[in-house]
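Each remark here refers to the structure printed beneath this line.
The values are calculated or read from the model by the stated rules, or taken from the named source; none is laboratory data. Keep in mind it's a predicted model, so treat the numbers as computed, not measured. Methodologically, a virtual Cβ is constructed for each residue, glycine included, from the backbone with ideal geometry; neighbour enumeration extends over all protein chains shown. Heavy atoms of the whole protein, side chains included, go into the accessibility calculation; ligands, DNA and RNA do not. Shrake-Rupley method; radii C 1.70, N 1.55, O 1.52, S 1.80 Å.
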Amino acid sequence: MTKDLGLYIEVAAALPVFGTYTYRLPAALRPRAAAGCRVLVPFGSRRVTGYILGSAAQTRPETIKDVIDLLDSEALFSEALIPFFRWIADYYLHPLGEVIRGALPSGLNLYEYNLLAINDEACPLPHEGRLSSLERDILACLRKGACRLKDLQSHLDRPVPGALLQAMVKCGWVVRRKALRGGRTRPKTAKLVRRVPSPPTGIRMTPQRQAILALFDTQDELPLAVIRQTVPGAAAIVRTMARRGLVEVVEAAVYRDPFGDPILPDHPPELTAEQQTALEQIAAAREQGFAAILLDGVTGSGKTEIYLQAAAETIRRRQNVLVLVPEIALISQTERRFRARFGEQVAVLHSGLSTGERLDQWQRIRGQGIPIVIGARSAIFAPLEHIGLIVVDEEHDGAYKQETGLRYSARDLATVRARMSACPVILGSATPSVQSYFNHQRGKFKRIRLNHRVQDQTLPAVTVLDLRKIQNERGVRKYLTAELLDAIGENLERQEQTLVFLNRRGYANYPVCSACGTTLKCRHCSITLTYHQRANAYRCHYCGYSRAALANCPQCNSDKIWRYGLGTEKLEEFLQRYFPSARVARLDRDTTRRKGGLLSILKKLRRGEIDILIGTQMVAKGHDYPNITLVGVVCADSTLNFPDFRSGERTFQLLAQVAGRAGRGDRPGRVILQTYTPEHFIIAAARQQDFARFYTDEIEYRRELGYPPYCRMVQLLVTGRDANRTAQAARALGQAIQASLPRESQVGGRIVIQGPVEAAMHRMAGRYRWQILLRGPSAAGLNRLVRNLLHGDGPRYERGGVKVFVDVDPLFMM
């Protein structure tokens, strides 16, 4: 039974506006309304979707508008999630309605928009001779049907002045109408056929009718689709049987199954002494309520088995489990392990699902009490209640940070949600983030260390090779040492699998004109295009801009374009030629773009149908394939020199993780790491897989510069299509911050401002980009400063197409 909300309710509008609003709930809607339901409400001159947060205090009745409609028969999320949403909105300085909209499955909300149409009630239109050419084109287009202004301009392939449209409306030729759009994602339904307990007698039973009724000997209802597979022409026969009272046909909700092949159940293996000790420490922490546990174990040390057994204990206590993994590529493996242990008690949430599948999984969790949810970063919003355990696997991974819209960190939110749920959160990694290890040293996190692989497997032997010795070779051979090629050949002879890591997709990443030396750059971004041979086109990896491979130099019109550099596509071509009998495959964003592409490649790898797998960082994350005994890193320096203070941390983690893919079975593994800087401390630490050595050097560097974790940071990203307006807005915002610093520093400690400066990627997707970095000792002080500047009573910086994006605890500084 729903709680009576009363006459007034608090609503968060699904719009980029701060604050919540009070609406009057009509008596007809009151019995079904509950916190967590969507409502259609008037907002200014529009109708928009809002979310009920609860009852609202009585206010001036004459200013309150009525709710138009209730859009849900039951709540989409529980009342217990609302404080979590409020915390996110406050910490990340993001509108509450937008936070909730991003948390829910996409495609649910309704929005009102304007349509332009011919005025059917108008007097006859003026003779075409009295109309301008643009007016004639507008009316001709609208005679085909009403449309939005942007669709009209797209059809005409030219801008339509607002003053002209207003004049045509005033003359009565054109009218503006309002319409609702959205709400495309709905539960899927299917016809179910049910047996009638007491069917009428005296009806002739044909063989087909008898065959259909025989299907109900073991169950009371069946999907019509199943009956049609058994009895030809079943649809028409069932309709007749329903009319005569032999069966009943109903529409019922069905779930779109996102899982792959059936999985055989498994049984818990015997634990190592380290695993048993870890579970005992987790059990002790559970009794305290909230606890943040850093599970720091070498690759292959059995962290997943600890997750599984901790989850089993949580379910035994009648509580629920939330498991986060950084990439969709890892969800398949983790989901298989959990389904083998827990069967149908598992649901998944990630962006690889269709909108319908995601809605179905959401409703399974919300309505059927599924106790285990596995997903990527957005699964942190799963509508679970009574959470008893949260797991963040590969907690160091940057994929947990959302880089558009609401810029949240799912790892950090996991800690917040665990605290609100009074339950432990396990942060697992073989290469912990500097932030998490720092929190352990400060006493905020409890550390559990796993020093050994399971089944006495040894860590792979790592060999470092100097690429400078072959830099004068031609073509691909300047990137592949003879030692690496020989090792791949030996692995093929032993019928063992090889993983070759290159963190750069495409064929060639540096196309340059041989006549004038001009590089081919993206039209919308300040970045060089990458040549993709299979698509026979140059592409931008940031905005998707594409240019035909036959295009000439934009500077001198020469058709002689040299394609320098190495990508996974060129490496795949070379290795297939060099080892003609080998089965070579590639795992990157290009080969996994289609739905099911990723799972198809991973299944082939698991079945031994791939000898050499070439991949980007997608292959470095937690995969467990026992027959991979050799890992080759083509260029260990590719991420080392980025203009970002975390580039060293990312490089160490990436190298240590990809090295950990080797030797996870009965046979020992080997890693060949090629580099131009073998003497760099990051390379040396990765070679020895020595996190302590890396951390000691890295944390001292952070302390000297005053970077996180020794401070909190907020990034203000100012973007716009006009270079001058964007620069002016960034400088004005910078000056306003400088003026506010003395006052804020007295309240929240010393705040340091860096910038405004042009971003390293100065132009992206047609928008110019400027950065301002704010550093201070407390997140509250930084948030207060930014909130007062952007949402206070001062000047507005978002004008003339300029946008200001706030990124609290930024991860990528490009």
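Structure summary
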read-out	value
Residues of region 781-814 satisfying the condition of being among the hydrophobic types (A, V, I, L, M, F, W, C) and farther than 18 Å from Pro742 by Cβ	Leu790, Val802, Val804, Phe805, Val806, Val808, Leu811, Phe812, Met813, Met814
Failed criterion for Met814 (all others in (1) surrounded by fewer than 16 Cβ atoms within 10 Å (Cβ to Cβ); (2) among the aliphatic types (A, V, I, L, M); (3) more than 25 Å from the chain's Cα centre (by Cα); (4) at pLDDT below 90 hold)	(3)
Meets criteria (among the aliphatic types (A, V, I, L, M), surrounded by fewer than 23 Cβ atoms within 10 Å (Cβ to Cβ) and over 21 Å from the mean Cα position of the chain (by Cα)) for Ile370	yes
Those residues of region 145-164 which are within 12 Å of Leu115 (Cα to Cα), assigned to a helix (DSSP H, G or I) and open to solvent by less than 40 Å² (accessible area, probe 1.4 Å), in sequence order	Leu152
Which numbered condition Asp456 fails, given (1) among the acidic types (Asp, Glu); (2) within 30 Å of Pro668 (Cα to Cα); (3) in contact (Cβ under 8 Å) with a residue 24 or more places away in the chain	(3)
Residue selected from region 469-485 under the condition under 38 Å from the mean Cα position of the chain (by Cα) and not small (Gly, Ala, Ser), by the criterion nearest to Glu572 (Cα to Cα)	Val476
Qualifying residue in region 744-766 (condition: among the charged types (D, E, K, R), over 23 Å from Val17 (Cβ atoms) and either surrounded by fewer than 17 Cβ atoms within 10 Å (Cβ to Cβ) or out of contact with any helix residue (DSSP H, G or I) (no Cβ under 9 Å at 6 or more places or on another chain) (or both))	yes
Qualifying positions in region 636-655 - open to solvent by less than 30 Å² (accessible area, probe 1.4 Å) and either charged (D, E, K, R) or more than 26 Å from the chain's Cα centre (by Cα) (or both)	Ala636, Asp637, Asp644, Glu649
Per-region count, region 656-682, residues closer than 17 Å to Glu483 by Cβ and surrounded by fewer than 22 Cβ atoms within 10 Å (Cβ to Cβ)	3
Pairs, first at positive phi in region 90-114, second among the hydrophobic types (A, V, I, L, M, F, W, C) and at pLDDT 90 or above, C-beta under 9 Å, six or more apart	Leu93/Phe18; Leu93/Val714; Leu93/Val786; Leu93/Val806; Leu93/Val808
Filter result (part of a loop (DSSP other than H, G, I, E, B) and surrounded by 16 or more Cβ atoms within 10 Å (Cβ to Cβ)) within region 683-698	Gln689
First in region 685-711 and in contact (Cβ under 8 Å) with a residue 40 or more places away in the chain and over 19 Å from Pro810 (Cα atoms), second anywhere and part of a helix (DSSP H, G or I) and hydroxyl-bearing (Ser, Thr, Tyr), Cβ under 9 Å, 6 or more apart	Ala686/Thr651; Phe691/Tyr437; Tyr695/Tyr437
Answer residue from region 436-455, given it is open to solvent by 70 Å² or more (accessible area, probe 1.4 Å) and not in a strand (DSSP E or B) and is farthest from Pro626 (Cα to Cα) among those	Arg442
Set Ala13, Ala56, Ala27, Ala33: member being of a type in the set (Gly, Ala, Ser), closer than 28 Å to Lys178 by Cα and open to solvent by 20 Å² or more (accessible area, probe 1.4 Å)	Ala27
From Leu571, Leu630, Leu602, residue being within 27 Å of Gln457 (Cβ to Cβ) and in a helix (DSSP H, G or I)	Leu602
Verdict on Gln333 being surrounded by 24 or more Cβ atoms within 10 Å (Cβ to Cβ) and in a helix (DSSP H, G or I)	no
Number of the condition not met by Asp590 [criteria: (1) open to solvent by 30 Å² or more (accessible area, probe 1.4 Å); (2) in a loop (DSSP other than H, G, I, E, B); (3) more than 30 Å from Ala686 (Cβ to Cβ)]	(3)
For Asn114: the one exception among (1) modelled with pLDDT of 90 or more; (2) open to solvent by 50 Å² or more (accessible area, probe 1.4 Å)	(1)
Of all residues making up region 5-61, the number that are in a strand (DSSP E or B), modelled with pLDDT of 90 or more and not β-branched (Val, Ile, Thr)	16
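Conditions tested, residue by residue: (1) in a loop (DSSP other than H, G, I, E, B); (2) within 25 Å of the chain's Cα centre (by Cα); (3) in contact (Cβ under 8 Å) with a residue 60 or more places away in the chain.
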site	(1), (2), (3)
Ala759	no, yes, no
Tyr768	no, yes, no
Asp793	yes, no, no
Gly800	yes, no, yes
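Residues checked against (1) in a loop (DSSP other than H, G, I, E, B); (2) of a type in the set (Val, Ile, Thr); (3) open to solvent by 70 Å² or more (accessible area, probe 1.4 Å):
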{"residue": "Tyr538", "(1), (2), (3)": "no, no, no"}
{"residue": "Cys543", "(1), (2), (3)": "yes, no, no"}
{"residue": "Arg547", "(1), (2), (3)": "no, no, no"}
{"residue": "Leu550", "(1), (2), (3)": "yes, no, yes"}
{"residue": "Ser558", "(1), (2), (3)": "yes, no, no"}
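Yes or no, residue by residue, for (1) among the β-branched types (Val, Ile, Thr); (2) farther than 30 Å from Gln715 by Cα; (3) open to solvent by less than 80 Å² (accessible area, probe 1.4 Å):
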site	(1), (2), (3)
Leu459	no, yes, yes
Asp466	no, yes, yes
Ile470	yes, yes, yes
Arg474	no, yes, no
Ala482	no, yes, yes
Leu492	no, yes, yes
Thr498	yes, yes, yes
